[in-house]
Amino acid sequence: MAAHQEKKLAQERKQKTTQNGTQTSQGQWGRAWEVDWFSLASIIFLLLFAPLIVYYFIMSCDQYQCSLTGPLTDLLMGNTHLSDIWNKTPVLTYRAAGIYSLWVAFQVVLYIFIPDFCHKFLPGYVGGVQEGAVTPAGVVNKYQINGLQAWIITHVLWFANAYYFHFFSPTIIFDNWIPLLWCANILGYAVSTFVMIKGYLFPTNAKDCKFTGNFFYDYMMGIEFNPRIGKWFDFKLFFNGRPGIVAWTLINLSYAAKQQELYGQVTNSMILVNVLQGIYVLDFFWNEAWYLKTMDICHDHFGWYLGWGDCVWLPYLYTLQGLYLVYHPVQLCTANSIGILTLGLLGYYIFRATNHQKDLFRRTNGNCRIWGKKPEYIECSYTSVDGTKFYSKLLTSGFWGWARHFNYTGDLMGSLAYCLACGFEHILPYFYIVYMTILLTHRCLRDEHRCSSKYGKDWKRYTAAVPYRLLPGIF
């Protein structure tokens with residue numbers, strides 16, 4: 001079956017279309033068809049060391065009060081051995097396995113079995129059954145958008161337990177944080193392995209699969225574009241949003257509860273982190289239908305990169321600020337707290353307003369007003385693997401006239417605000433802004449490489465009209 005798919009897909013790769021004098025192939029959508037040595041080396045490095053990086057950060061907080069240099073110094077000075085560090089690390093427990101299994105199962109139930117009702121009474125919210133973007137094979141998938149509903153139900157139950165039922169302690173996540181890490185890794189690897197096998201043996205859509213013949217690349221970057229089970233369980237949408245992002249705010253609340261338990265108060269820095277990251281999470285779920293048009297859904301295949309990343313990397317490293325503040329509570333002066341809050345809110349405004357302009361432009365096919373004016377744009381075309389020609393318009397006014405990815409600029413401003421709330425005593429909480437800068441810059445380059453292949457000369461016209469990527473006048 002796999003060999004038949006390989007042959008069929010190889011034939012489709014040869015289908016090319018000439019547009020504006022440039023040869024382009026829709027095979028350029030998504031991940032690569034072939035793997036160069038640098039990409040392979042990078043992937044093997046990530047597969048080997050990304051889990052160790054997560055462990056190192058969490059272990060540093062658990063054993064070295066969030067000092068990233070502490071473990072290395074002790075090892076180099078001979079004060080400790082790797083076996084000593086490992087022996088002090090909490091192991092997987094039945095309690096953690098039960099907590100994590102119930103958590104994931106609960107999110108699956110909310111995702112599959114409870115259709116969205118929020119869109120019926122929340123003005124402006126788009127939920128329920130929505131269509132995604134056209135895939136490289138020309139397929140348009142339908143999704144049950146109910147993430148906001150799942151977030152609300154989950155958090156209502158969380159607060160009901162904290163203030164009324166008392167079935168478990170609000171610090172339960174922090175208290176089991178490392179044992180839960182092993183559970184998250186098991187799920188991340190299990191899901192990644194399953195979707196790879198599924199891609200070979202029973203793909204949801206064989207035309208939207210990509211095989212390089214390289215095991216490591218296919219395992220990490222994924223084979224299937226939209227692996228699904230049944231009508232509604234979409235692996236990519238579920239794992240991108242649930243369980244990791246729903247858990248994000250619960251994890252921060254658990255950190256705040258632990259800070260209250262240890263010190264008798266919750267610092268304003270912890271409140272800032274909870275509020276600013278809570279706004280980001282709520283924005284994600286409020287605009288989940290819009291998320292269907294982003295790079296994660298439209299261009300990334302589902303493999304270890306998303307499967308393990310959403311289970312482990314996101315919940316454990318995106319919440320480092322709150323974890324750090326449990327060990328090092330910071331009480332900011334009024335001026336600093338106001339400045340950080342302003343930076344975070346301004347970053348969020350730019351992020352949301354920029355994305356709103358693009359979404360409005362797409363929904364109205366350019367028949368709208370941006371900043372009080374008729375929008376300017378570049379008309380372009382592209383062709384899917386089945387030979388169907390599509391037309392697009394690339395916005396060149398509003399924030400999108402300032403830079404080609406100005407939404408990422410706002411995202412980075414918000415990321416910096418989270419880190420600044422932790423003060424300057426340790427570098428650990430600043431990992432997030434460093435990582436996000438690398439991630440979003442890389443996304444810029446990936447997206448532009450894809451768009452250059454997709455649109456040909458039309459893309460050159462667009463980059464001439466909007467010459468900067470993130471920072472107007474600089475980059």
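The values are calculated or read from the model by the stated rules, or taken from the named source; none is laboratory data. This structure is a prediction, so every number in the text was calculated from the model and none was measured. Please note: Cβ atoms are built from the backbone with ideal geometry, for glycine as well, and neighbour counts cover all protein chains shown. When the accessible area is computed, the model is the full protein with side chains, heavy atoms only, and any ligands, DNA or RNA have been set aside. Shrake-Rupley method; radii C 1.70, N 1.55, O 1.52, S 1.80 Å.
A few remarks follow.
- Only one entry in LEU341, LEU323, LEU314, LEU332 is surrounded by 23 or more Cβ atoms within 10 Å (Cβ to Cβ), modelled with pLDDT of 95 or more and either of a type in the set (S, T, N, Q) or at negative phi (or both), namely LEU323.
- Within segment 59-85, residues that are within 18 Å of PRO329 (Cα to Cα) reach partners that are of a type in the set (Lys, Arg) and exposed (fewer than 15 other Cβ atoms within 10 Å of the Cβ) with beta carbons closer than 6 Å, at six or more positions or on different chains, in the pairs GLN63/LYS88.
- Restricting segment 24-54 to residues that are touching a Pro at 6+ places or on another chain (Cβ under 7 Å) and open to solvent by less than 20 Å² (accessible area, probe 1.4 Å), the residue that is modelled with the lowest pLDDT: GLN26
- Some residue of segment 278-296 being buried (at least 23 other Cβ atoms within 10 Å of the Cβ) and at pLDDT 95 or above: yes
- Hey, LYS207 out of contact with any Phe, Trp or Tyr (no Cβ under 8 Å at 6 or more places or on another chain) and not in a helix (DSSP H, G or I) or not: no
- Within segment 231-242, residues that are within 15 Å of LEU187 (Cα to Cα) have Cβ atoms under 6 Å from residues that are open to solvent by less than 10 Å² (accessible area, probe 1.4 Å) and outside any helix (DSSP H, G or I) in these pairs: PHE235/PRO227; PHE235/PHE302; LYS236/PHE302, counting only partners at least 6 apart in sequence or on another chain.
- In segment 123-132, the residue that is surrounded by the most Cβ atoms within 10 Å (Cβ to Cβ) out of those that are under 22 Å from LEU237 (Cα atoms) and of a type outside the set (Ser, Thr, Tyr) is GLY127.
- Residue ID - surrounded by the fewest Cβ atoms within 10 Å (Cβ to Cβ), chosen from residues in segment 84-119 that are of a type in the set (S, T, N, Q) and in a helix (DSSP H, G or I): ASN87
- In segment 413-460, the residues that are under 18 Å from PRO329 (Cβ atoms), open to solvent by 30 Å² or more (accessible area, probe 1.4 Å) and in contact with a Gly (Cβ under 9 Å, 6 or more places away or on another chain): LEU420
- Look at (1) over 30 Å from PRO429 (Cβ atoms); (2) open to solvent by less than 50 Å² (accessible area, probe 1.4 Å); (3) over 15 Å from the mean Cα position of the chain (by Cα) and you find that PHE235 fails only one, number (3).
- Within segment 120-140, tally of residues that are among the small types (Gly, Ala, Ser), part of a strand (DSSP E or B) and in contact (Cβ under 8 Å) with a residue 40 or more places away in the chain: 2
- Segment 147-191 - residue that is open to solvent by less than 60 Å² (accessible area, probe 1.4 Å) and free of Cβ contacts under 8 Å to residues at least 40 places away in the same chain and, of those, nearest to TYR391 (Cα to Cα): GLN149
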